[in-house]
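Structure first, then comments.
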Amino acid sequence: MTETLTPSTETPTLGRTRILDLVGLVARLVLGGVLLYAGATKVLTPVGSARAVQAYQIFPFEVAQYIGYALPIVEIILGVLLILGLFTRTAAILGTVLMVLFIVGIASAWARGLTIDCGCFGGGGEVAPGETQYPRRIAEDVAFALCGLWLIVRPRSLLSLDRHLLRRP
Amino acid sequence: MGKQPKTTSTTDRQAKIDAAAKATKQGPNKILIGTVVALIAIIAVVAGVIIADQSTRSSEASGGDAVPAAAGEMGAGFVANPDVTLQPGAPTLDIYEDFRCPACHQAYAVFHPTVTDLADEGSVRLVYHFKTVIDGNSGGDASLKAASSAMCAADAGRFTEYHEVILDGIVQNGGTQPNWGPDFFSASAEQAGITGAELEAFDQCVAEGRYDGYIRSTEEQSARDGVNGTPTYKLNGETVDFSTVNTPELFVQAVENATE
């Protein structure tokens, strides 16, 4: 009896779990990939990264400079952890917090009438008023934050070190 | 077995066996790995910030720290028409420019003849603030070296000509940039009319990077003043909006509007 029931009750659940795990993998690769890429474009040009943060005119000049130096490295570390699926939930929480801060920063620059490049992937500083791309950048960051949110709620995913190294479920 | 509750099934027992197996054969220690990863992350961030800070400071120490006569002090802009008698109420036109920046070349192509006329007739006080945005974003030091060499040309009284030789060359080549080496600077200086002993002095000035410190100071000061992008043109401190002021005629109009 149980043996005949097993396939019919478990297979759909297993299938659903695998799909959710696959979504987790995609969320990890999207958020992790964009963080890694964003960090990589800036890490070798710390002065440019500092200027990009300074252009937001949110933090004092020197504070913004050190944020600019540190941010690409933080992005790379979180990106690598997410791609590997190691400490997924912690990395996702920090990655999501970053995205929310980026959204706040961009919205603030927009609201104050600054015309700057977001400096997300290198670049940064003032641009022509028609080249700011604020709505697009915010929309992208919202999408990345949603990937993070998914992983905070359900960190389980396919092909993760959490599962294969740390033996988490 | 008799003491076990009736609900205990084979799966429950299997779960307990699994749990027991996990407890004894935990595999890697999560806390240890977590601590190691966190430590590596902290060290990477701190080390990265220190390296970035040190490399910026050590590059700041290189080159000379002479101040061009037409600037007066570190951080101040370079006045391109100091000898022209200004017309009453003439505004200051501040141009924030990077020799390597393609958008600067485009703005130059559109506005430069007009800017030169306005500066020559004393309708504006023309002040350049050289920036090194491209160096910062893409690496290298050509923005710095080119601007520094322009100050060497100013020592020979040929700033305007030298600036034009380089930027006209880029515009005529469809935006293709030169190699920005000492030979290029020297050849440009010669084209700008710097010859003989003056050319030797120019080459020496470029070789020692005499004005590197000054160009770093204008980059830094303009960033502190909130100018992080190039080109930025300001009339009496007000940024010229290129989306509306997009022809020489409209630019002349903007200058007239800013004249008091």
Next item on the list: Answer yes or no as to whether residue A:53 is buried (at least 22 other Cβ atoms within 10 Å of the Cβ), touching an Asp or Glu at 6+ places or on another chain (Cβ under 8 Å) and of a type outside the set (S, T, N, Q).
Entry: no
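Residues checked against (1) within 30 Å of residue B:254 (Cβ to Cβ); (2) in a strand (DSSP E or B); (3) among the charged types (D, E, K, R):
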| residue | (1), (2), (3) |
| --- | --- |
| B:187 | no, no, no |
| B:194 | no, no, no |
| B:213 | no, no, no |
| B:221 | yes, no, no |
| B:228 | yes, no, no |
| B:233 | yes, yes, no |
Next item on the list: Report yes if residue A:77 is among the aliphatic types (A, V, I, L, M), more than 15 Å from residue A:31 (Cβ to Cβ), out of contact with any Cys (no Cβ under 9 Å at 6 or more places or on another chain) and buried (at least 20 other Cβ atoms within 10 Å of the Cβ), otherwise no.
Entry: no
Notebook entry, point to check: What single numbered condition from (1) surrounded by 24 or more Cβ atoms within 10 Å (Cβ to Cβ); (2) of a type in the set (S, T, N, Q); (3) modelled with pLDDT under 95 fails to hold for residue B:148?
Noted result: (3)
Note to self: So, in the stretch B:141-161, exactly how many residues are over 21 Å from residue B:65 (Cβ atoms) and in contact (Cβ under 8 Å) with a residue 12 or more places away in the chain?
What the structure shows: 3
Next item on the list: Return the pairs, sorted by first residue and then second, in which the second residue is surrounded by fewer than 18 Cβ atoms within 10 Å (Cβ to Cβ) and aromatic (Phe, Trp, Tyr), the first residue lies in the stretch A:107-128 and is without any contact (Cβ under 8 Å) to a residue 40 or more places away in the chain, the beta carbons are less than 7 Å apart, and the residues are 6+ apart or on different chains.
Entry: A:110/A:134
Item checked: The listed residue being within 11 Å of another protein chain (Cβ to nearest Cβ) and either part of a helix (DSSP H, G or I) or touching a residue at least 12 places away in the same chain (Cβ under 8 Å) (or both), out of A:34, A:74 -> A:74
Check: For residue B:244, which of the numbered conditions (1) part of a helix (DSSP H, G or I); (2) over 30 Å from residue A:62 (Cβ atoms) fails to hold?
Finding: (1)
Margin query: Just checking, does the stretch A:89-97 include any residue being facing chain B (nearest Cβ under 7 Å), at pLDDT 95 or above and part of a helix (DSSP H, G or I)?
Written below: no
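Mind listing just one residue for me: the one in the stretch A:45-71 that is facing chain B (nearest Cβ under 9 Å) and aromatic (Phe, Trp, Tyr) and, of those, nearest to residue A:110 (Cα to Cα)?
Initially, the stretch A:45-71 is screened for residues facing chain B (nearest Cβ under 9 Å), giving A:45-52, A:54-55, A:57, A:61, A:65-66, A:68-70.
Filter once more, so that each one left must be aromatic (Phe, Trp, Tyr): A:61, A:66, A:69.
Numbers: A:61: 19, A:66: 23, A:69: 24 Å.
Per the stated criteria, the residue is A:61.
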Check: Which is surrounded by 13 or more Cβ atoms within 10 Å (Cβ to Cβ), in a helix (DSSP H, G or I), at pLDDT 90 or above and not small (Gly, Ala, Ser), of B:95, B:51?
Finding: B:51
Item checked: Complete set of residues in the stretch A:139-169 that are exposed (fewer than 15 other Cβ atoms within 10 Å of the Cβ), part of a helix (DSSP H, G or I) and at pLDDT below 95 -> A:164
Notebook entry, point to check: For residue A:130, which of the numbered conditions (1) modelled with pLDDT of 90 or more; (2) within 9 Å of another protein chain (Cβ to nearest Cβ) fails to hold?
Noted result: (1)
Item checked: Index of the failed condition, residue B:258 passing every other in (1) surrounded by 18 or more Cβ atoms within 10 Å (Cβ to Cβ); (2) in contact (Cβ under 8 Å) with a residue 12 or more places away in the chain; (3) in contact with a helix residue (DSSP H, G or I) (Cβ under 8 Å, 6 or more places away or on another chain) -> (3)
Item checked: Flag if residue B:110 is touching a residue at least 40 places away in the same chain (Cβ under 8 Å), within 14 Å of chain A (Cβ to nearest Cβ) and in a helix (DSSP H, G or I) -> yes
Next item on the list: For residues that are part of a helix (DSSP H, G or I), in contact with a helix residue (DSSP H, G or I) (Cβ under 7 Å, 6 or more places away or on another chain) and in contact (Cβ under 8 Å) with a residue 60 or more places away in the chain, tally how many sit in the stretch B:196-211.
Entry: 1
Next item on the list: Considering every residue within the stretch B:135-144, establish whether at least one is touching a Cys at 6+ places or on another chain (Cβ under 6 Å) and either within 14 Å of chain A (Cβ to nearest Cβ) or within 30 Å of residue B:236 (Cβ to Cβ) (or both).
Entry: no
Next item on the list: Name every residue in the stretch B:193-245 that is hydroxyl-bearing (Ser, Thr, Tyr) and either facing chain A (nearest Cβ under 10 Å) or under 30 Å from residue A:122 (Cβ atoms) (or both), in order of residue number.
Entry: B:211, B:214, B:217, B:218, B:222, B:230, B:232, B:233, B:239, B:243, B:244
Notebook entry, point to check: Of all residues in the stretch A:98-127 being assigned to a loop (DSSP other than H, G, I, E, B) and touching a helix residue (DSSP H, G or I) at 6+ places or on another chain (Cβ under 8 Å), which is farthest from residue A:50 (Cα to Cα)?
Noted result: A:115
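The values are calculated or read from the model by the stated rules, or taken from the named source; none is laboratory data. Being a predicted model, the structure only gives us computed values, none of them experimental. Neighbour counts are summed over all protein chains in view; Cβ atoms, including those assigned to glycine, are modelled from backbone coordinates with ideal geometry.
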